[in-house]
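Trainee: Dropping a structure here in structure tokens format, bear with me for questions.
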Amino acid sequence: MTLLNDLKAFPLVKKISALQEVSWFNPNVKPLDEALDYVGLDKSDVQDASDRLERFAPYLVEAFPETAATKGIIESDIVPLPNIKVALEQQYKVQISGQLLLKKDSHLPIAGSIKARGGIYEVLTHAEKLALEAGLLSESDDYSILFQSSFKTFFSQYKVAVGSTGNLGLSIGIMSAKLGFQVSVHMSADARQWKKDKLRACGVNVVEYQQDYSVAVEQGRRQAEQDPTCFFIDDENSKTLFLGYAVAGERVKKQFIERNIQVDEEHPLFVYLPCGVGGAPGGVAFGLKLAFGDHVHCIFAEPTHSPCMLLGVHTGLHDQVSVQDIGIDNLTVADGLAVGRASGFVGRAMEHLLDGFYTISDDKMLHHLKELHALEGLALEPSALAGIVGPVHVLKDAAYLQHHALNEEKMANAVHLVWGTGGGMVPEEEMKGYLGH
Ligand SMILES: *Cc1c(COP(=O)(O)O)cnc(C)c1O
């Protein structure tokens with residue numbers, strides 16, 4: 001019970017455990033050059049990931065023709081949300097200065113979620129390693145040869161396993177099966193039926209659990225350990241996944257240049273990232289910091305029922321504490337964020353680079369899901385709406401703005417980028433349910 005007593009010393013934990021919507025701006029945030037030491041990764045690691053994805057682009061064009069339009073590069077569009085901006089201003093009685101934009105990772109090819117970044121990247125990294133070691137491939141080859149049946153036969157000797165609430169399983173399952181691997185996805189109770197059905201249709205072995213994400217991951221890890229041919233993709237600790245996500249930073253920078261969107265001292269960028277275990281938003285935030293330096297402010301959004309990263313970073317206990325420890329059920333409509341214990345790696349690596357955290361209720365995510373559909377014609381899954389109220393939290397926190405010298409003049413030039421993390425593959429019937437039709 002000492003842990004619970006320790007936790008009671010944090011007034012914010014009381015509010016979190018009462019399922020209140022809260023926001024917390026991180027007093028321990030450090031300038032990038034100081035904070036980098038804690039990450040243990042740098043620009044060259046992200047460049048390495050970016051180069052690997054370039055090598056695989058010709059293969060992806062062959063294997064997934066929907067990536068032909070972007071020449072095998074898995075990337076999403078950025079679109080303005082003019083009507084949502086007005087709606088948020090009215091509902092939350094705040095003026096949102098600057099522009100409000102959406103990053104449509106919801107519509108990434110192959111997997112329809114942000115997991116198409118890290119998940120696919122880690123599978124490709126593993127496949128490349130096996131093929132290089134076997135002398136079947138060299139880095140200077142045209143990787144479209146990997147689409148040949150001889151490679152499929154080669155990869156079929158190996159197994160891949162992962163634990164997931166749904167979307168990571170989709171991305172890793174689809175990619176692994178396409179290459180020829182034998183793949184098992186350990187799905188938590190939150191996982192939607194259609195995601196399991198889709199994976200089974202791709203020939204993936206889906207193992208279902210009645211418990212939450214942590215149990216699915218643990219069981220998957222244990223089964224994989226007993227089989228030397230099995231590679232376990234560890235969502236709680238993987239630096240490879242993290243680097244796959246981080247490539248987004250340079251890509252956004254390039255997209256901003258193409259759209260004449262400026263980011264500098266006078267033009268701050270705020271990015272709102274839905275957070276589950278932390279790998280995806282952590283990796284993206286790392287990439288953004290490398291690309292934009294201290295001019296980008298990264299804020300994580302979590303459901304009131306699953307605020308694991310806020311709890312871990314705020315208390316400094318990271319993966320030593322779970323939301324269940326403070327009496328929260330980890331049951332949320334945002335299945336992609338239904339994680340009770342955060343990644344210890346991401347929490348410790350990023351604790352000096354993340355500007356803030358807030359929680360949002362299931363009702364609000366569903367409300368804004370309907371609103372986004374009605375006002376902008378965009379259909380996202382509930383998890384992907386967690387970031388939408390981010391600007392409200394930032395603009396209402398005078399102390400935070402003052403601390404970073406974000407005066408009115410700068411805020412008038414601000415760019416608010418909401419990371420829309422998933423939803424592009426949600427079946428129509430399922431989406432009708434979310435929309436209340
Ligand atoms: C997985 C996921 C996230 C969060 O990613 P983590 O790595 O679990 O933090 C956010 N939104 C959606 C739709 C997801 O599937």
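Trainee: Once the Cα gyration tensor of the range 115-237 is diagonalised, what are the square roots of 5 times its eigenvalues, in whole Å and ordered largest first, as equivalent ellipsoid semi-axes?
Mentor: Taking √(5λ) for each eigenvalue gives 26, 14, 12 Å, largest first.
Trainee: What 222 nm value per residue comes from the helices of the chain, counting each DSSP H run with n ≥ 4 as -39,500 (n - 2.57) and dividing by all residues, nearest 500 deg cm²/dmol?
Mentor: Working: 20 runs with 203 residues, N = 437.
Result for the chain: -13500 deg cm²/dmol, rounded to the nearest 500.
Trainee: Roughly speaking, what is the centre-to-centre gap between the range 355-378 and the range 124-184 when only Cα atoms are used, to the nearest Å?
Mentor: 36 Å
Trainee: Would you mind telling me which residue in Ser383, Ser322, Ser156 has the biggest mean-square fluctuation in a Gaussian network model of the chain, where springs connect alpha carbons within a distance under 10 angstrom?
Mentor: Highest fluctuation among the options: Ser156.
Trainee: Karplus couplings for the range 96-103 from phi (6.51 cos²θ - 1.76 cosθ + 1.60, θ = phi - 60°), rounded to Hz, Gly and Pro as x?
Mentor: With the stated coefficients, the range 96-103 comes to 8, 6, x, 9, 10, 10, 10, 8 Hz.
Trainee: Checking the cross-link filter: which aspartates and glutamates have an alpha carbon closer than 13 Å to that of Lys85, excluding same-chain neighbours under 8 positions apart?
Mentor: Glu371, Glu376
Trainee: Another question about this same structure. Could you size up the charge dipole of the range 115-237 around its Cα centre, putting +1 on the beta carbon of Lys and Arg and -1 on that of Asp and Glu, and report it in debye to the nearest 20?
Mentor: Numbers: 13 positive and 16 negative charges, 104 e Å.
The dipole magnitude comes to about 500 debye.
Trainee: Report the residue, chosen from Ala291, Ala342, Ala384, that carries the largest GNM mean-square fluctuation when the chain is represented by alpha-carbon nodes joined by springs under 10 Å.
Mentor: Sorting by GNM fluctuation, first place goes to Ala291.
Trainee: A 19 angstrom limit on the alpha carbon distance is what I want to check against. Which of Lys115/Lys196; Lys115/Lys239; Lys129/Lys289; Lys71/Lys195 exceed it? Walk me through the numbers before you get to the answer.
Mentor: Details: Lys115/Lys196 16 Å; Lys115/Lys239 14 Å; Lys129/Lys289 29 Å; Lys71/Lys195 27 Å.
Cα-Cα > 19 Å for Lys129/Lys289; Lys71/Lys195; rest within.
Trainee: A further question on this structure: Considering only Leu310, Ser50, Gly203, whose Cα is most displaced toward the positive end of the charge dipole of the chain, charges sitting on Cβ of Lys, Arg (+1) and Asp, Glu (-1)?
Mentor: About the Cα centre, the residue reaching furthest to the positive side is Gly203.
Trainee: Sort 85-94, 281-290, 231-240, 361-370 by packing, meaning the average of other beta carbons within 10 Å per residue, with the highest value first. Show your work: numbers first, answer last.
Mentor: Details: 85-94: 15.1, 281-290: 28.0, 231-240: 22.0, 361-370: 18.4.
Result, highest mean Cβ count within 10 Å first: 281-290, 231-240, 361-370, 85-94.
Trainee: What is the distance, in nm, between label points placed 7 Å from the Cα along the Cα-to-Cβ direction at Tyr38 and at Glu66?
Mentor: Spacing of the two 7 Å Cα→Cβ label points: 3.8 nm.
Trainee: Please compute the Kirkwood hydrodynamic radius of the chain from all pairs of different C-alpha atoms, in Å with one decimal. Please list the in-between numbers first.
Mentor: Working: mean 1/r = 0.0459 Å⁻¹.
By the Kirkwood definition, the hydrodynamic radius is 21.8 Å.
Trainee: A further question on this structure: According to the square roots a ≥ b ≥ c of the eigenvalues of the Cα gyration tensor, what is the shape class of the range 303-417, taking rounded for a/c under 1.5, prolate for a/b larger than b/c otherwise, and oblate for the remainder? Each step should come with its number before you reach the end.
Mentor: Details: a/c = 2.31, a/b = 1.11, b/c = 2.07.
Since a/c reaches 1.5 but b/c is at least a/b, the shape of the range 303-417 is classed as oblate.
Trainee: Where Lys and Arg each count +1 and Asp and Glu each count -1, what net charge lies around Gly278 among other residues with Cβ under 11 Å from its Cβ?
Mentor: -3
Just so you know, all these numbers are worked out from the coordinates, no wet-lab data involved. Model, not experiment: these values are computed from the prediction. Methodologically, a virtual Cβ is constructed for each residue, glycine included, from the backbone with ideal geometry; neighbour enumeration extends over all protein chains shown.
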